[in-house]
1. So between V31 and E53, what do we pick up on full extension, going 0.36 nm a residue minus the alpha carbon distance?
2. Multiplying the sequence separation of L41 and R8 by 0.36 nm and subtracting their Cα-Cα distance, what value in nm do you get?
3. Based on alpha-carbon atoms only, what is the radius of gyration of the chain relative to the globular estimate 2.2 N^0.38 Å?
4. What trypsin sites (Lys or Arg not before Pro) in the chain are in a loop by DSSP, with at most 13 other Cβ atoms within 10 Å of the Cβ?
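None of the figures in this text is laboratory data; all of them are computed from the coordinates on show. Note that this is a predicted model, so its numbers are computed, not measured. Positions of Cβ are generated from backbone atoms using ideal geometry, with glycine treated the same way; all protein chains shown enter the neighbour counts.
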Amino acid sequence: MWICNGCRMLTTLQVAEPNIDDEGIYFICPVCHRRNPLVALPREDPDDPLDLEQVRE
Ligand SMILES: [Zn+2]
């Protein structure tokens, strides 16, 4: 569960799909369309699924 840094709306991966561009990983809030940065946690095994964590602003 993530919280939008703009409107504080709770959202999930199913609703706000993460994207990646030159500036990094992020999701767009479905309510206020704010860009919310994410970071990928280090993985022990490169085959493991990516674990994303929200960056609090
Ligand atoms: Zn928002």
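1. Going from the current span to full extension adds 5.9 nm.
2. Numbers: separation 33, 0.36 × 33 = 11.88 nm, distance 2.28 nm.
Length gained, L41 through R8: 9.6 nm.
3. For the chain, the normalised Cα radius of gyration comes out at 1.14.
4. Filter output for the chain: R8, R43, R56.
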